[in-house]
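Trainee: The structure under discussion is supplied below as structure tokens; questions concerning it will follow.
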Amino acid sequence: MAYENIIVETKGHVGLITLNRPKALNALSQALIAELGKALDGFEADDDIGAIVLTGSEKAFAAGADIKEMASKTFTQCYLEDFITKGWEAVSKVRKPVIAAVAGYALGGGCEVAMMCDFILAADTAKFGQPEITLGVIPGAGGTQRLTRLVGKSKAMEMILTGRMMDAQEAERSGLVSRIVPAGELLEEALKVAERIASMGRPSVLAAKEAVERAYESTLAEGVRFERRLFHALFSTDDQKEGMAAFAEKRQPNFKNR
Ligand code: CAA
């Protein structure tokens with residue numbers, strides 16, 4: 001399919017999606033979100049792809065939902081369209097790991113989409129924020145929930161109530177991003193990390209992602225029980241036999257994703 005708002009490429013076993021609306025700092029229009037969902041579905045269905053990188057430009061990962069597109073919406077329209085939920089959730093529903101490689105602005109919906117990814121690698125130029133309050137609304141794609149879980153109530157509350165941005169250093173200190181890399185090396189590093197993930201056995205990668213996600217949605221006892229069930233189940237895979245045999249034989253494993 002031809003995309004107008006994103007660029008979709010395959011790099012080895014990694015699916016790379018680049019948000020590409022430079023004139024609007026990658027503002028997340030409904031057309032862009034629909035394309036993003038299609039591209040993610042395509043990579044999800046592609047057996048050769050083991051991980052996905054989502055990135056933007058040097059200046060902006062994404063400056064939020066498209067303000068011009070939503071400015072005149074009424075409550076009824078928002079409600080009937082299930083505005084923001086529809087389409088946007090595609091990112092958080094992907095089973096394969098998705099890495100957000102963020103340079104420049106990740107604001108509003110841009111920050112929310114980055115937080116829907118499994119982790120964020122930030123360029124030293126990255127700036128994160130939830131400025132919706134300055135527009136007379138609040139975050140609408142999970143920002144009040146995901147930012148609070150990631151950085152804690154105090155910092156999330158301050159950012160969401162004032163709309164102030166945090167830079168890459170503060171984002172790393174507070175746990176929003178996994179690591180900072182120099183802007184010029186961001187994409188290369190993200191692809192390297194994604195390729196490493198893609199080289200692992202697929203069953204254990206999907207299980208690991210599912211188990212970590214469960215930490216957000218259950219008690220500790222429930223989460224640990226869930227983890228144990230998956231851990232035991234992985235002993236039924238060829239990849240477990242291969243991974244452990246390779247260790248004993250002092251060689252690299254050759255996972256077959258089964
Ligand atoms: N929606 C639509 N267009 C946007 C946009 C957005 N979110 N962000 C930037 N643009 C457009 C600008 O209107 C401008 O277009 P024109 O040249 O046609 O005027 C172009 O992108 C370049 O932007 P600026 O000239 O403003 O660039 P700057 O470098 O001076 O400022 C910025 C950069 C600080 C990111 C500023 O653009 C900005 O504040 N953007 C809006 C950020 C924002 O409020 N995001 C939240 C949106 S609401 C939301 O996301 C709801 C939700 O929870 C899902």
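Trainee: Using a Förster radius of 35 Å, what is the FRET efficiency between Arg95 and Thr162 based on their Cβ-Cβ separation? Nearest 0.05, please.
Mentor: Efficiency for this residue pair is about 0.45.
Trainee: Taking the Cα centre of the chain as origin, sum charge times position over the Cβ atoms of Lys and Arg (+1) and Asp and Glu (-1), and report the length of that vector in debye to the nearest 20.
Mentor: 500
Trainee: For a quick check, take a GNM of the chain with Cα springs below 10 Å and name the residue from Phe235, Phe61, Phe247 with the largest mean-square fluctuation.
Mentor: Of Phe235, Phe61, Phe247, the most mobile in the Gaussian network model is Phe247.
Trainee: Choose one answer from Gly184, Gly50, Gly64: the residue with the largest mean-square fluctuation in a GNM of the chain with alpha-carbon springs under 10 Å.
Mentor: In the Gaussian network model the winner is Gly184.
Trainee: Between Leu206 and Arg149, how many nm apart are label points set 7 Å from Cα along the C-beta direction?
Mentor: Modelled inter-label distance: 2.1 nm.
Trainee: Hey, what did the chain get for relative contact order, percent, Cα under 8 Å, at least 6 apart?
Mentor: Reported relative contact order: 16 percent.
Trainee: Over the Cα atoms of the stretch 1-134, what is the Rg over Rh ratio if Rh follows Kirkwood?
Mentor: My calculation of the ratio gives 0.96.
Trainee: Looking at the chain only, what percent of DSSP beta bridges run antiparallel? Nearest 5 please.
Mentor: 30
Trainee: Further question on the same structure: Suppose each label sits 7 Å from its Cα in the direction of the beta carbon; what would the Gln77-Arg173 distance come out to in nanometres?
Mentor: Output for this residue pair reads 4.2 nm.
Trainee: To the nearest 0.05, how large is the calculated FRET efficiency for Asp41 and Lys192 if R₀ is 35 Å and r is the Cβ-Cβ distance?
Mentor: 0.90
Trainee: Would you compute the Debye intensity of the stretch 99-165 from its alpha-carbon atoms alone, equal scatterers and no solvent, and pass along log10 I(q)/I(0) at q = 0.12, 0.15, 0.27 Å⁻¹ to two decimals?
Mentor: Here the Debye-derived log intensity ratios amount to -0.25, -0.40, -1.26.
Trainee: Can you find, among Gly201, Ala215, Leu234, the residue farthest towards the positive end of the dipole of the stretch 201-249? Put +1 on the C-beta of Lys and Arg, -1 on that of Asp and Glu.
Mentor: Ala215
Trainee: Of Thr125, Thr85, Thr74, which is the most mobile in a GNM of the chain whose springs link Cα atoms less than 10 angstrom apart?
Mentor: Maximum fluctuation in the GNM of the chain, among the listed residues, is at Thr74.
Trainee: Along the principal axes of its C-alpha atoms, what lengths does the stretch 201-249 span, in descending order and rounded to whole Å?
Mentor: 39, 16, 15
Trainee: While we're looking at this one, here's another question. Can you pull the three principal axis extents for the Cα set of the chain, in Å, largest first?
Mentor: Dimensions of the chain along the principal axes of its Cα atoms: 62, 44, 39 Å.
Trainee: Among 51-57, 249-255, how do they line up by average Cβ neighbours within 10 Å per residue, starting with the highest?
Mentor: 51-57, 249-255
Trainee: Here are some pairs, Lys93/Lys256; Lys23/Lys59; Lys96/Lys209; Lys93/Lys209; which of them have Cα atoms lying more than 18 Å apart in this structure?
Mentor: Cα-Cα > 18 Å for Lys93/Lys256; rest within.
The numbers here are math on the coordinates, done by the rules we state, and not lab data. Just so we're clear, the structure is a prediction, and the values are computed from it rather than from any experiment. Backbone-built Cβ (ideal geometry, glycine too); neighbour counts: all protein chains shown.
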